[in-house]
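In what follows, a structure is listed as structure tokens, so that the remarks can point back to it.
The values are calculated or read from the model by the stated rules, or taken from the named source; none is laboratory data. All of these numbers come straight from a predicted model, not from anything done at the bench. Ideal geometry is used to build each Cβ from the backbone, glycine not excepted, and the neighbour counts take in all protein chains shown.
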Amino acid sequence: MKIHALTTGAVRVKRSFLFPGHGPRRQLNLFLPGAWADSLPIHCWAIEHDGVLRLVDTGETAEARNVPFACMEVTREQELPAAMAAAGLSLDDVSEVVLTHAHGDHIDGLVHVRGRVLINEVELRYVRSPFPRVMRRVLRQPLPAGFAPETFALDGGPFGAFARSRALSADGRIVAVDTRGHTPGHVSVICVDDSGRHVMLAGDTTDSLEQLHALRADAVAPDPKVHVAAMETILAHCAQHPTIYLPSHDPQSTARLAGALTSAEMTVAT
Ligand SMILES: [Zn+2]
């Protein structure tokens with residue numbers, strides 16, 4: 001199994017996104033003037049396993065509009081095709097895309113993909129419900145053209161500390177797990193690598209490892225308690241299995257993955 005980090009540009013968010021206020025200020029501050037944090041990468045992931053190439057998320061495109069709390073820094077040259085080429089991969093070889101959740105910086109790159117696209121049925125139901133529809137219109141964040149993913153259910157029973165999961169590969173080494181919180185149907189994808197460690201492609205469950213350990217809900221989660229519960233489950237899972245935790249916007253994710261792969265290759269060599 002080989003996992004590649006793909007980077008499709010960057011996003012700059014307000015500090016109130018990363019360190020939200022409490023009560024009504026939590027979401028209100030996003031729309032008020034405030035300080036901005038440093039740019040964060042927009043990662044998505046490619047998994048080569050058993051002759052199948054899968055993507056987890058598809059990154060952002062240059063067309064994306066800014067919102068009051070997030071400023072996109074993506075050029076055409078940084079979109080998915082170039083990110084794939086930089087990893088020595090071709091989009092023509094992708095058989096399946098799994099979406100962690102339906103925010104633009106994870107799904108807009110679908111315009112470049114022709115393969116099968118999968119999303120948690122709960123997330124797709126949420127995407128089509130009135131509030132997200134209104135927000136997409138107000139913030140001018142349309143779904144990518146032709147957005148019509150197939151749905152899956154997290155009906156595969158427990159996986160580690162996660163009560164609900166769904167195997168994505170036939171051998172069960174690539175598994176979607178329930179990490180609802182950032183959005184109601186958010187999933188993470190756990191890959192059991194060749195050395196048996198768990199590589200967790202965590203989407204926007206948190207923006208950093210620090211946020212995970214701090215159990216700090218973000219400013220956009222519909223219910224902060226549900227978001228914190230997801231983090232507690234992840235920490236419980238990490239305590240059970242050696243896990244490399246890779247959120248989509250953590251500047252340290254690429255280095256953590258590179259370190260993991262080096263160790264895995266060393267294990268194989270001995
Ligand atoms: Zn994101």
Answer yes or no: is there a residue in the range 5-20 that is surrounded by 15 or more Cβ atoms within 10 Å (Cβ to Cβ) and in contact with a Cys (Cβ under 6 Å, 6 or more places away or on another chain). yes
Those residues of the range 207-233 that are free of Cβ contacts under 8 Å to residues at least 40 places away in the same chain and surrounded by 18 or more Cβ atoms within 10 Å (Cβ to Cβ) come to a total of 1
Out of the residues in the range 100-154 that are assigned to a loop (DSSP other than H, G, I, E, B) and within 19 Å of A202 (Cα to Cα), which is farthest from the ligand (Cβ to nearest atom)? A153
Could you please find all residues in the range 132-159 being farther than 17 Å from V189 by Cα, among the aliphatic types (A, V, I, L, M) and surrounded by 13 or more Cβ atoms within 10 Å (Cβ to Cβ)? L139, L143
Which residues, counting only those in the range 21-45, are modelled with pLDDT under 85 and either assigned to a strand (DSSP E or B) or crowded, with 16+ Cβ neighbours inside 10 Å (or both)? R26, Q27, N29, L30
Reported set for the range 24-37 where residues are within 16 Å of the ligand (Cβ to nearest atom) and touching a residue at least 40 places away in the same chain (Cβ under 8 Å) is L30
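Just need a number here: residues in the range 63-72 that are under 14 Å from L40 (Cβ atoms) and buried (at least 17 other Cβ atoms within 10 Å of the Cβ).
Quick first cut of the range 63-72, residues under 14 Å from L40 (Cβ atoms) only: 69-72.
Those still in the list that are buried (at least 17 other Cβ atoms within 10 Å of the Cβ) too: 69-70, 72.
So the count comes out to 3.
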Exception for L257 within (1) within 16 Å of A163 (Cα to Cα); (2) modelled with pLDDT under 95 falls at (1)
Restricting to the range 120-149, what's the tally of residues that are touching a helix residue (DSSP H, G or I) at 6+ places or on another chain (Cβ under 7 Å) and either hydroxyl-bearing (S, T, Y) or over 20 Å from E63 (Cβ atoms) (or both)? 1
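From G51, G115, G104, grab the single residue that is surrounded by 20 or more Cβ atoms within 10 Å (Cβ to Cβ) and either touching a residue at least 24 places away in the same chain (Cβ under 8 Å) or out of contact with any His (no Cβ under 6 Å at 6 or more places or on another chain) (or both).
Details: G51 fails: surrounded by 20 or more Cβ atoms within 10 Å (Cβ to Cβ); G115 fails: surrounded by 20 or more Cβ atoms within 10 Å (Cβ to Cβ).
Of the residues listed, the single one that is surrounded by 20 or more Cβ atoms within 10 Å (Cβ to Cβ) and either touching a residue at least 24 places away in the same chain (Cβ under 8 Å) or out of contact with any His (no Cβ under 6 Å at 6 or more places or on another chain) (or both) is G104.
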Out of the range 91-116, which residues are farther than 21 Å from A62 by Cβ and touching a strand residue (DSSP E or B) at 6+ places or on another chain (Cβ under 9 Å)? D93, S95, E96, V98, T100, H101, G115, R116
Scan of the range 65-99 for residues that are polar (S, T, N, Q) and either touching a Cys at 6+ places or on another chain (Cβ under 9 Å) or in a helix (DSSP H, G or I) (or both), ordered by number: Q78
Which one of these is of a type in the set (K, R), at pLDDT below 95 and more than 15 Å from the ligand (Cβ to nearest atom): R197, R173? R197
Pairs needed: first member in the range 234-252, closer than 23 Å to G9 by Cα; second member anywhere, surrounded by fewer than 22 Cβ atoms within 10 Å (Cβ to Cβ) and among the basic types (K, R); C-beta distance under 7 Å; at least 6 residues apart or different chains. I244/R197; I244/R256; L246/R256
